[in-house]
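Trainee: The structure under discussion is supplied below as structure tokens; questions concerning it will follow.
The values are calculated or read from the model by the stated rules, or taken from the named source; none is laboratory data. Owing to the predicted nature of the structure, the values given are computational and were not obtained by experimental measurement. Cβ placement follows ideal geometry from the backbone for every residue including glycine, while neighbour counts extend to all protein chains displayed.
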Amino acid sequence: MNIEPIIKLENVWKIYQLGKTELAALRGLSLEINPGDFVAIMGASGSGKSTLLNMIGCLDSPTKGKIYLKGKNIVEMPESQLSQFRGKVLGFVFQEFNLIPNINCLENVMLPMIFQGVPLLKRKEKAEEILKMVGLGKRMIHQPAELSGGERQRVALARAFANDPEVIIADEPTGNLDSTTGKMIMEFLKKFHKKRGKTMIIVTHDPKIANYAEKIVNIKDGQIVKNHSVAEEVLWKT
Amino acid sequence: MEDLKEYFRIAFRNIKTRRLRSFLTVLGIVIGVFLIVSLLSLSEGLKTTINQQLQAMGGKMIMVMPGGEEDIFTSMMFGGAKLQKEDIEAIKKAKGVDEVLGISYTGTIARYKDESKQIAMCGYEPWKEGLDILSIFQGWSISEGRWPSKGNQLLIGPYVANETFSKKVKAGSEMTIKGKKFEVAGILNSLGSQSDDSMVYMDMKVYQDLTGEKRGTAAYAMVKLEEGADENIVKTEIENSLEETRKRRTGTDVADFSVITSEKMSEITGTILGIIQVVIIGFASIAIVVGGIGITNSMFTSIRERTKEIGIMKAIGAKNSAILSIFLIEAGIIGILGGLGGVLLGSILAKAIDYYGQANPTFYFTTTISPWMIIFALLFSFSIGCLAGFFPARSAAKLKPVEALRKYE
């Protein structure tokens, strides 16, 4: 069985220049993620896990190394192509929701589809459908500020799902939520993964959240210390 | 094209939903453009007004005014020292002088058909011969009625006849000034200057009775030369004659005199218009720089504070070009809105000044708003808006999404 990985990192370095000192957030990291995987990236704060996620999500470029997304080296891709590609293949969920504050939920969900050139009517129909799916059918014309944290994150989920991306990237998606709402968000992600077979990559430091994943990647000092499936070993229970 | 429509929609949305911010940005631009439009229209108006004043004094003649040549304009626009009776006698005595016309003017209230309005009244001496001189040298002509022959008759400018009162003043009708009833004998054709056209002309004796000014004095004098006399020679004669009178009258506060030939007058006109031109350009450039900086500043902050939003849009698939287009459209719209507001406010100010000038004929001032000025103001605010929007938007769009997202957290 030879599956082509959807994401592949080869010897990736990210070095930040802080004044005169250099800080290596990623040190020659290599990683493969197959289509349909549910991966949790874990590590202490400062371990480089968010940097890694930004690399995978083409939000940032590495200092050295190659990153393949669907077989294409995104490091060499020009920005105009990259944004198109990013909008189509990836869906993002952020810790602080990152909704556009002055437009309503429906418009927030429609936004990524605009950049993919989806016509207005179809866009609206799709956005309404997804918002209903995450249980916000009645709150569509509310502004983000009028919603609770959990509701906002559900809008963000809907936005991430809007273009039906192959990979969902979530950076501490439950970090700003209480455990009940956090659980609800995770259930949605899990459902999306199960039903549609999408690839999920979640950064978290919370073992309970990592529990939803099928694979765990442990990061320390910019390197992978352990890469294992949940069934093999459960480190965090103790 | 489809994309562009979407970007327009988003840009409009941005402006609408960020109402206060957009309003303040537009306000910044309005003030800039207002500054430009009002300064330009005022200085253009100043140029027109002074040009009119100067051109009204045509013909080959000599003017005698109290005060030195350097303050000609102060004494012309606002009045000042007066020519005394002795001065006028002295001018008459000078060689080559045929006739001396004394002229005085002041603002007053005139009543016509139960309506009172402020007008400027002007007295001439001698009344009958004066009219001859004025018709020959200043091109006065009657459009309606006849030349006045009696002291209780008036000659009015076309502006007074047509605009000042709500009802048009007809020749032969009655007008009351300072309690004295006059007959409007004739209406003049336009003399080409609004200040001259909005005057009411009367016999100097009557004028002095009404105002209480001393007999024989005048604000300034126009001198008609004898046939074949040389302007410059007569000028010297007049100056010498005035000097002598002055010496005899030591102790009185007589200021200098200015004796100006028509040749000299056009020279002064040229110099003054040149200076005004330079001043206009100076004012306009200051206004443009200040206005431009205001616009740039508003646009810059408005975009900078949304760097994170730009980061989000990039993360969900917006191309740099899409972000740039959205912000350019937004900046352009804001620029145009600000431009329209500024033009409107500037025009209102200009009109208000015009209106004030018409209601108070002693305050001779007109403003000029030309179409090119409006077009310039709109184009200026639009392009400055776009330009000021372009650079911050481009630098924000160029950021890696992760950097844009991290900003202002």
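Trainee: So, in the stretch B:62-119, of the ones that are touching a Pro at 6+ places or on another chain (Cβ under 7 Å), hydrophobic (A, V, I, L, M, F, W, C) and in a strand (DSSP E or B), which residue ends up modelled with the highest pLDDT?
Mentor: The selected residue is B:Ile119.
Trainee: Which one is nearest to the other protein chains (Cβ to nearest Cβ), of the residues in the stretch B:389-407 that are of a type in the set (Lys, Arg) and in contact with a helix residue (DSSP H, G or I) (Cβ under 7 Å, 6 or more places away or on another chain)?
Mentor: Residues of the stretch B:389-407 that are of a type in the set (Lys, Arg), as a first pass: B:394, B:398, B:400, B:406-407.
Now drop any that are not in contact with a helix residue (DSSP H, G or I) (Cβ under 7 Å, 6 or more places away or on another chain), which leaves B:394, B:398, B:407.
Working: B:Arg394: 12, B:Lys398: 8, B:Lys407: 12 Å.
Looking at the filtered set, the residue picked out is B:Lys398.
Trainee: In this structure, is B:Val206 surrounded by 22 or more Cβ atoms within 10 Å (Cβ to Cβ), among the hydrophobic types (A, V, I, L, M, F, W, C), touching a residue at least 24 places away in the same chain (Cβ under 8 Å) and not in a loop (DSSP other than H, G, I, E, B)?
Mentor: no
Trainee: Out of the stretch B:163-173, which residues are of a type in the set (D, E, K, R) and in contact (Cβ under 8 Å) with a residue 24 or more places away in the chain? It would help to see each step written out before you state the result.
Mentor: To start, the set of residues in the stretch B:163-173 that are of a type in the set (D, E, K, R) comprises B:163, B:167-168, B:170.
Result: B:Glu163, B:Lys167, B:Lys170.
Trainee: Could you check, for the stretch B:21-44, whether at least one of its residues is farther than 24 Å from B:Glu239 by Cβ, modelled with pLDDT under 85 and within 14 Å of another protein chain (Cβ to nearest Cβ)?
Mentor: yes
Trainee: For a quick check of your reading of the model, give me the residue pairs whose first member lies in the stretch B:274-288 and is assigned by TED's automatic domain parsing to the domain that holds B:Ile36, whose second is in a helix (DSSP H, G or I) and hydroxyl-bearing (Ser, Thr, Tyr), with beta-carbon atoms closer than 8 Å and at least 6 apart or on different chains.
Mentor: Filtered contacts from the stretch B:274-288: B:Ile276/B:Ser43; B:Val279/B:Ser43; B:Ile280/B:Ser43; B:Phe283/B:Ser43; B:Ala284/B:Ser43.
Trainee: If I filter the stretch A:1-25 down to residues being without any contact (Cβ under 8 Å) to a residue 40 or more places away in the chain and among the charged types (D, E, K, R), which single residue comes out as farthest from A:Ile74 (Cα to Cα)?
Mentor: Within the stretch A:1-25, the match that is farthest from A:Ile74 (Cα to Cα) is A:Lys20.
Trainee: Inside the stretch A:115-129, can you point out the residues that are in a helix (DSSP H, G or I), within 13 Å of chain B (Cβ to nearest Cβ) and surrounded by fewer than 23 Cβ atoms within 10 Å (Cβ to Cβ)?
Mentor: A:Leu120, A:Leu121, A:Lys122, A:Arg123, A:Lys124
Trainee: Still on this structure: Does the stretch A:98-109 include one or more residues that are in a helix (DSSP H, G or I), within 24 Å of A:Ser148 (Cβ to Cβ) and facing chain B (nearest Cβ under 9 Å)?
Mentor: Yes: the stretch A:98-109 contains one or more residues that are in a helix (DSSP H, G or I), within 24 Å of A:Ser148 (Cβ to Cβ) and facing chain B (nearest Cβ under 9 Å).
Trainee: Going by what's in this entry, would B:Ile348 be described as away from every other protein chain (no Cβ under 14 Å) and surrounded by fewer than 17 Cβ atoms within 10 Å (Cβ to Cβ)?
Mentor: So B:Ile348 fits the description; yes.
Trainee: Let me ask something additional. Inspect all residues belonging to the stretch B:174-186 and state whether any of them is touching an Asp or Glu at 6+ places or on another chain (Cβ under 7 Å) and assigned to a loop (DSSP other than H, G, I, E, B).
Mentor: no
Trainee: Right, B:Ile156: more than 15 Å from B:Ala120 (Cβ to Cβ), under 28 Å from the mean Cα position of the chain (by Cα), of a type outside the set (Asp, Glu) and crowded, with 21+ Cβ neighbours inside 10 Å or not?
Mentor: no
Trainee: Now, a different point. Scan the stretch B:119-135 for residues that are closer than 18 Å to B:Ser193 by Cβ and surrounded by fewer than 18 Cβ atoms within 10 Å (Cβ to Cβ) and jot them down.
Mentor: B:Ser135
Trainee: Please count how many residues of the stretch A:29-84 are surrounded by fewer than 20 Cβ atoms within 10 Å (Cβ to Cβ) and assigned to a helix (DSSP H, G or I).
Mentor: 4
Trainee: Anything in the stretch A:86-95 that is at the interface with chain B (Cβ under 8 Å from one of its Cβ atoms) and over 10 Å from the mean Cα position of the chain (by Cα)? List them, or say none.
Mentor: Correct list: A:Arg86, A:Gly87, A:Lys88.
Trainee: Going through B:Lys235, B:Lys319, B:Lys308 one at a time, which residue ends up being within 14 Å of chain A (Cβ to nearest Cβ), at pLDDT 80 or above and touching a Ser or Thr at 6+ places or on another chain (Cβ under 6 Å)?
Mentor: Of B:Lys235, B:Lys319, B:Lys308, the one residue that is within 14 Å of chain A (Cβ to nearest Cβ), at pLDDT 80 or above and touching a Ser or Thr at 6+ places or on another chain (Cβ under 6 Å) is B:Lys319.
Trainee: Counting just the residues of the stretch B:281-305 that are polar (S, T, N, Q) and crowded, with 18+ Cβ neighbours inside 10 Å, which one comes out farthest from the other protein chains (Cβ to nearest Cβ)?
Mentor: B:Thr296
Trainee: Quick check on the stretch B:325-343. Is at least one of its residues in contact (Cβ under 8 Å) with a residue 60 or more places away in the chain and surrounded by fewer than 18 Cβ atoms within 10 Å (Cβ to Cβ)?
Mentor: Checked against the condition, which is being in contact (Cβ under 8 Å) with a residue 60 or more places away in the chain and surrounded by fewer than 18 Cβ atoms within 10 Å (Cβ to Cβ), the stretch B:325-343 yields no hits at all.
Trainee: If the requirement is being touching a residue at least 12 places away in the same chain (Cβ under 8 Å) and away from chain B (no Cβ under 14 Å), which of these qualifies: A:Gly28, A:Gly48?
Mentor: When all the criteria are applied, what remains is A:Gly28.
Trainee: Okay, moving on. I want to confirm something. Restricting to the stretch A:140-169 and keeping residues that are away from every other protein chain (no Cβ under 12 Å) and polar (S, T, N, Q), which single residue is surrounded by the fewest Cβ atoms within 10 Å (Cβ to Cβ)?
Mentor: A:Ser148
Trainee: Check off (1) under 23 Å from B:Phe12 (Cβ atoms); (2) at pLDDT 80 or above for B:Met299 and give me the number that stays unchecked.
Mentor: With (1) under 23 Å from B:Phe12 (Cβ atoms); (2) at pLDDT 80 or above applied to B:Met299, the lone miss is (2).
Trainee: Which condition from (1) in contact (Cβ under 8 Å) with a residue 40 or more places away in the chain; (2) part of a helix (DSSP H, G or I); (3) among the hydroxyl-bearing types (Ser, Thr, Tyr) is the one that B:Tyr356 breaks?
Mentor: For B:Tyr356, the exception is condition (1).
Trainee: What is the residue count in the stretch B:364-384 for residues that are touching a Leu at 6+ places or on another chain (Cβ under 9 Å) and part of a helix (DSSP H, G or I)?
Mentor: Selection size over the stretch B:364-384: 5.
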